[in-house]
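Only one structure is covered here, and it is reproduced in the block below.
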């Protein structure tokens, strides 16, 4: 069984550093442009009009791309690894199957949703529709928030189920995976461990600025161009729903 450290770079967003890997590890970079020395370069997914989702499908579904792997470590393209990977697995996957960072600023997916809207990370109607559903299902506020720049996973049956449901949330809702990660964990009654170090303060990883500061914020890019997602979204794009979402947003802002 193999272990994999992997990333994805689309639309030239990042310059990828070369991690030192122990024996038995693969270094894989999914790319739609230049190749990177020392990495096993594979073509990135390209069927979405949204470059974020073209990269994210690799991030979320490693068991699809690495069926022989027992462990995978996803890093965003601007992350440099500063630790021994075998020691990382031993330290964090000893009693858990997944490890991520705790969000450095927030601990609530509803606060994260409003931040994503304010920062124009995705279409507001899509985000509001998604968190309205979470609230109607009883998902609590202040229930924790992961920062998913780095995801260490053991490819168990439970984690594969988590990844599939997580991807479903992303294709049917917002491309911002941190909005749905904690929701999916709770829905499947799973838990995760957090890396002890701060994401931006090491010593396990170093995060560099993106080569390109954000993708162009086109509204059409918030939607995947497959019939299942389009059919799903079309059922909600009505004036009545948008009014309800705006009412929810107004209530949420007034309560803050």
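Values computed for the structure shown
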item	result
Failed item, numbered, when residue 188 is tested on (1) buried (at least 21 other Cβ atoms within 10 Å of the Cβ); (2) closer than 27 Å to residue 6 by Cα	(1)
Test: residue in the range 122-133 that is over 23 Å from residue 190 (Cβ atoms), surrounded by 22 or more Cβ atoms within 10 Å (Cβ to Cβ) and under 14 Å from the mean Cα position of the chain (by Cα)	yes
Answer from 82, 91, 72 - the residue that is within 22 Å of residue 20 (Cβ to Cβ) and surrounded by 20 or more Cβ atoms within 10 Å (Cβ to Cβ)	72
Top-ranked residue in the range 94-106 [being assigned to a loop (DSSP other than H, G, I, E, B) and under 21 Å from the mean Cα position of the chain (by Cα); ranked as surrounded by the fewest Cβ atoms within 10 Å (Cβ to Cβ)]	105
Failed condition for residue 80, given (1) part of a strand (DSSP E or B); (2) at pLDDT 95 or above	(2)
Residues being touching a helix residue (DSSP H, G or I) at 6+ places or on another chain (Cβ under 8 Å), in a helix (DSSP H, G or I), in contact (Cβ under 8 Å) with a residue 40 or more places away in the chain and closer than 26 Å to residue 69 by Cα - total across the range 135-182	13
Residue match in the range 26-43 (condition: buried (at least 19 other Cβ atoms within 10 Å of the Cβ) and in contact with a helix residue (DSSP H, G or I) (Cβ under 6 Å, 6 or more places away or on another chain))	yes
Candidate set: the range 6-25, residues that are part of a loop (DSSP other than H, G, I, E, B) and in contact with a helix residue (DSSP H, G or I) (Cβ under 7 Å, 6 or more places away or on another chain); chosen: the one surrounded by the most Cβ atoms within 10 Å (Cβ to Cβ)	10
Tally of residues being farther than 20 Å from residue 81 by Cβ and within 16 Å of the chain's Cα centre (by Cα) across the range 134-156	2
In the range 94-108, residue farthest from residue 23 (Cα to Cα) [restricted to those that are in contact (Cβ under 8 Å) with a residue 40 or more places away in the chain and out of contact with any helix residue (DSSP H, G or I) (no Cβ under 8 Å at 6 or more places or on another chain)]	104
Flag if residue 111 is over 26 Å from residue 183 (Cβ atoms), part of a helix (DSSP H, G or I) and either out of contact with any helix residue (DSSP H, G or I) (no Cβ under 8 Å at 6 or more places or on another chain) or without any contact (Cβ under 8 Å) to a residue 12 or more places away in the chain (or both)	no
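Let's see how each residue does on (1) farther than 14 Å from residue 98 by Cβ; (2) modelled with pLDDT of 95 or more:
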| site | (1), (2) |
| --- | --- |
| 150 | no, yes |
| 155 | no, yes |
| 177 | no, yes |
| 180 | yes, yes |
| 193 | no, yes |
| 198 | yes, no |
| 209 | yes, no |
| 216 | yes, no |
| 219 | yes, no |
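The values are calculated or read from the model by the stated rules, or taken from the named source; none is laboratory data. Everything numeric here is computed off the predicted structure, so don't read it as measured data. FYI the Cβ positions are ideal-geometry reconstructions off the backbone, even for glycines, and counts take in every protein chain you see.
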